[in-house]
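Visitor: Can you read through this structure? Questions will come right after.
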Amino acid sequence: MASSVIVVGDELLAGFTRDANAHWLAGQLRALGFLLKRITVVRDRVGEIAEQLGRDLADPELAEIFCCGGLGPTPDDRTLEAVAAALGRELVVWPPILERLERRAHHLEELGVIVAEQAADGNRRMATIPDRPDEVVANRRGTAPGLLYGVAGHRLFVLPGVPAELRTIFSEELLPRHLGGGRPQLRGELRFAFAVESRFTPVLRRLEASHPDVSVGSYPQPTRELVLRFASSSQRRLEEAMAAVRAHAAAIGLAPTAP
């Protein structure tokens with residue numbers, strides 16, 4: 001089983017904002033042992049978000065889907081509407097969310113930051129969510145909460161796009177209660193100085209046939225160093241693949257610069 005990440009935002013596709021969420025989630029999921037199958041970036045369009053959600057929800061290989069962004073108070077925040085469309089559920093005002101947002105607005109008004117009445121429409125918008133969530137996930141760093149929906153063997157996590165908020169929700173709420181039991185892959189790495197990538201093509205092709213359970217990636221660096229990264233759930237198979245590459249390198253007169 002694998003996971004996917006859907007990132008929502010016109011500003012990402014226009015090049016105004018660099019996506020930090022998908023990169024961070026990919027590292028977290030890898031460390032937890034959750035295979036990430038794909039990352040998709042879509043515009044702030046209800047139909048396009050819903051279309052991608054439907055595509056991922058129809059994928060039998062996906063167990064977890066993380067949808068990030070578009071939960072805010074302004075009209076261009078359209079993810080909740082898209083989730084409702086994808087799940088075939090009504091949008092409803094969720095009283096606990098609205099009450100929390102109203103308390104926060106009144107507190108900020110007391111501090112002289114905002115006028116609570118001016119935030120009323122935005123608060124109601126953020127509290128209007130697709131019906132029957134499995135869980136409303138606390139967001140102590142911001143306003144819009146996270147949401148969890150269980151759908152036909154999939155878990156859909158709907159998360160705010162502000163990186164600090166997403167990371168806090170993931171680390172404090174999702175990780176301890178929903179993302180245990182993963183099986184982290186074992187990893188290895190070999191580095192070769194001044195190595196030409198094509199000289200390793202024969203051994204990598206052999207490993208594709210003999211060790212299909214070992215993932216091997218070749219990454220030339222700007223420093224003219226070649227990095228080969230290995231991943232497998234089996235320590236024995238991982239070591240066999242790395243040994244095959246070391247043997248091939250020795251045969252062509254190269255030695256790794258790192259073990």
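Visitor: How charged is the neighbourhood of Leu80? Take every other residue with its Cβ under 13 Å from the Cβ of Leu80, and add Lys/Arg as +1 and Asp/Glu as -1.
Guide: Details: positive: Arg78, Arg89, Arg124, Arg125; negative: Asp44, Asp76, Asp77, Glu81, Glu90, Asp131.
Net local charge, Leu80 excluded: -2.
Visitor: Which value at 222 nm does the chain reach when only helices count, each DSSP H run of 4 or more adding -39,500 (n - 2.57), with the total divided by all residues and rounded to the nearest 500 deg cm²/dmol?
Guide: Details: 10 runs with 98 residues, N = 259.
Result for the chain: -11000 deg cm²/dmol, rounded to the nearest 500.
Visitor: Tell me which label goes with the value of Rg/Rh (Cα atoms, Kirkwood Rh) computed from the coordinates here: [x] 1.16; [y] 1.10; [z] 1.04.
Guide: Identified label for the calculated read-out: [y].
Visitor: If a/c stays under 1.5 just call it rounded; otherwise compare a/b with b/c (prolate if a/b is bigger, oblate if not). Do that for region 41-126, with a ≥ b ≥ c from the square roots of the Cα gyration tensor eigenvalues.
Guide: Here region 41-126 falls in the prolate category.
Visitor: Okay, moving on. Amide H of Asn139 versus every other amide H placed in the peptide plane: which residues, excluding those fewer than 5 positions away on the same chain, fall under 5 Å?
Guide: Gly146
Visitor: Can you list, largest first and rounded to whole Å, the semi-axes you get for region 50-183 by taking the square root of 5 times each eigenvalue of its Cα gyration tensor?
Guide: Calculated on Cα positions only, the semi-axes equal 27, 17, 12 Å.
Visitor: How charged is the neighbourhood of Ile252? Take every other residue with its Cβ under 13 Å from the Cβ of Ile252, and add Lys/Arg as +1 and Asp/Glu as -1.
Guide: Around Ile252, the surrounding residues sum to +1.
Visitor: Sticking with this structure for a sec: Where in the chain are the helices, taken as whole DSSP H runs, whose Cα atoms extend 15 angstrom or more along the long axis and whose Kyte-Doolittle mean reaches at least 0.0?
Guide: Once both thresholds are applied, what remains is 21-32.
Visitor: Hey, another quick one. May I ask for the net charge around Val203, where only other residues with Cβ less than 13 Å from the Cβ of Val203 are counted and Lys, Arg are +1 while Asp, Glu are -1?
Guide: Residues near Val203 contribute +1 overall.
Visitor: Moving on. With both bridge residues required to lie in region 2-178, what share of the DSSP beta bridges run antiparallel, to the nearest 5%?
Guide: Working: 11 of 29 bridges.
So the antiparallel bridges amount to about 40 percent of the total.
No value in this document is a laboratory result; all are computed from the given coordinates. Quick caveat: nothing in here was measured; it's all calculated off a predicted structure. With ideal geometry, Cβ positions are generated from the backbone for all residues, glycine too; neighbour counts draw on all protein chains shown.
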